[in-house]
1. For residue 277, tell me the accessible area in Å² from a 1.4 Å probe, rounded to the nearest 10.
2. Under a no-solvent Debye model with one identical scatterer per Cα of region 91-196, what's log10 I(q)/I(0) at q = 0.12, 0.15, 0.18 Å⁻¹?
3. Quick check for me: using +1 on Lys/Arg Cβ and -1 on Asp/Glu Cβ, what's the dipole size of the chain about its Cα centre, in debye to the nearest 20?
4. Per residue, how large is the accessible surface of region 148-277? Use a 1.4 angstrom probe and give square angstrom.
5. About its Cα centre, what dipole magnitude does region 92-245 give when the only charges are +1 on Lys and Arg Cβ and -1 on Asp and Glu Cβ, stated in debye to the nearest 20?
6. Sorting check: for 79-91, 16-28, which peptide has the highest mean count of neighbouring beta carbons within 10 Å, and how do the rest follow?
7. If you roll a 1.4 Å probe over the chain with all protein chains in place, what percent of the accessible area is carbon or sulfur?
8. What Kirkwood hydrodynamic radius, in Å, does region 78-150 give when the mean of 1/r is taken over all pairs of distinct Cα atoms and then inverted?
Amino acid sequence: MISGAFAAALTPLTAGGTALDEPAFAPYVEFLAAGGVDGILACGTTGEGILLTLEERRRAAELFLAAARPRRTPVAVHCGAQTTADTAALSAHAGEAGAAAVAVIAPPYFALDERALERHFAVAAAACAPLPFYVYEFEARAGYAVPTALIERLREAAPNLRGLKVSDKPWEKLEPYFLDGLDVFVGAEALVVRGLEHGAAGAVSGLASVYPEVVAALVRERSAERGEEAGRLRAELERFPFHAAAKTVVGRRGVPIGADVRAPLRGLDDDELAELMLP
């Protein structure tokens, strides 16, 4: 079972964001591991996964897994896609490639009813079984929340369901997902300490993609001081287009990764680059 501080990893891109930057994966994974995280989530929201082609997502997962293997760093793979067929195909590949777990967000755009959504998750979970399967709950990105009653029913349809990654906030939206027998990973750094005190298994953090040592310390120490530091860094990054700002800062920290992002995400202009004060 996975637990602790997971970095929701950036995906290294090149050529204006049109291709994977394959040589950058290994040094980036080394940077994350050296920062003390317990694992990596590949191709999630921070990783621009929904914008990549299926073949790019498979290849990115393979590159993360290959780079993490020498350190035995667990890699979970986000496999959520617009269709059930694509989601199942990505889930099956993650299992075959050696992922530690699969996470799947509810498909965006159509507000699926419970029957459709339950079927979608069950098919995705079956495709990677017996690999641990996690529902990725993020109402702000999917456009709707996954009902907790559905998750309770999914336990029977998907015996490999192990828990959830929940990026909702405030606390009142996160708390209902603490269901008996299921692990919860908290996505919002501001809620990590409270979530851990409530029994969360860990955090899957976008900030950890840039400052792995900060989130690793936050999960282990659970202190107000660590929480304030994480909040300050997150607020600074969110003043700008997040993905481009995050990649810019990682590059400034010595990792050979460019600031390229996949359109329609955009890079930083000269004024934004000058204003971004993080090292």
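The values are calculated or read from the model by the stated rules, or taken from the named source; none is laboratory data. Source: prediction; values computed, not measured. Methodologically, a virtual Cβ is constructed for each residue, glycine included, from the backbone with ideal geometry; neighbour enumeration extends over all protein chains shown. Keep in mind that these areas ignore ligands, DNA and RNA; they rest on the heavy atoms of the full protein, side chains included. Shrake-Rupley method; radii C 1.70, N 1.55, O 1.52, S 1.80 Å.
1. Looks like 140 Å² after rounding.
2. Log10 I(q)/I(0), no solvent term: -0.37, -0.59, -0.85.
3. About 540 debye.
4. Values: 5850 Å² over 130 residues.
On a per-residue basis, 45 Å².
5. On the way: 16 positive and 22 negative charges, 43 e Å.
I would put it at about 200 debye.
6. Values: 79-91: 20.2, 16-28: 17.5.
Descending mean neighbour count gives 79-91, 16-28.
7. On the way: 6060 of 11550 Å².
Ligands and nucleic acids excluded, carbon and sulfur give 53 percent.
8. On the way: mean 1/r = 0.0833 Å⁻¹.
That comes to 12.0 Å for region 78-150.
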